1. Could you provide, to the nearest whole Å², the per residue accessible area of the chain with probe 1.4 Å?
2. May I ask you to compute the full-extension gain from ALA37 to ALA5, defined as 0.36 nm times their residue separation minus their alpha-carbon distance, rounded to one decimal in nm?
3. Please report, as a whole percent, how much of the solvent-accessible surface of the chain comes from carbon and sulfur atoms (probe radius 1.4 Å).
4. If each DSSP helix of 4+ residues adds -39,500 (n - 2.57) and the sum is divided by the residues in the chain, what number results at 222 nm, nearest 500 deg cm²/dmol?
5. Among the complete DSSP H segments of the chain, which ones combine at least 30 Å of alpha-carbon extent along their axis with a mean Kyte-Doolittle hydropathy of 1.6 or more?
6. Please give the net charge around ALA47, taking every other residue with its beta carbon less than 13 angstrom from that of ALA47, where Lys and Arg add +1 and Asp and Glu add -1.
7. Modelled label-to-label distance, LEU12 and ASN54, 7 Å Cα→beta-carbon offset: nm?
Amino acid sequence: MAAAAAYFAEALRGTGLLPGAPPPAQLQGWTENLASATRDDDVRALADAVRRANELGGAP
C-alpha cells in the first residue's frame, strides 16, 4: 500500500524520481488488487483515485 501510494504521488508530481515506478495501468491494477484483497476503505479510496487519474490522463 505504501509503495503504491508513493508511486502514485510521484506520478502526479511528474518528477519520475522513484526507481522501478510502474506505468499507470499497472499501478491501477496493483491498487485494485490490494483493495479487493484487503477490503479496506482507505485502500479502495487510493484505487479509485488512481483509476480516476488514469481516466483523466492526470498520471503519466
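1. Result: 63 Å² per residue.
2. 9.9 nm
3. After summing per-atom areas, the C and S share lands at 57 percent.
4. It lands at -23000 deg cm²/dmol.
5. None clear 30 Å together with a mean of 1.6.
6. -2
7. Each label point lies 7 Å from its Cα, and together they span 1.6 nm.
The values are calculated or read from the model by the stated rules, or taken from the named source; none is laboratory data. Bear in mind that the values here come from a model prediction, so they are computed numbers and not experimental data. As a convention, Cβ positions derive from the backbone with ideal geometry for all residues, glycine included, and neighbour counts pool all protein chains shown. Keep in mind that these areas ignore ligands, DNA and RNA; they rest on the heavy atoms of the full protein, side chains included. Shrake-Rupley method; radii C 1.70, N 1.55, O 1.52, S 1.80 Å.
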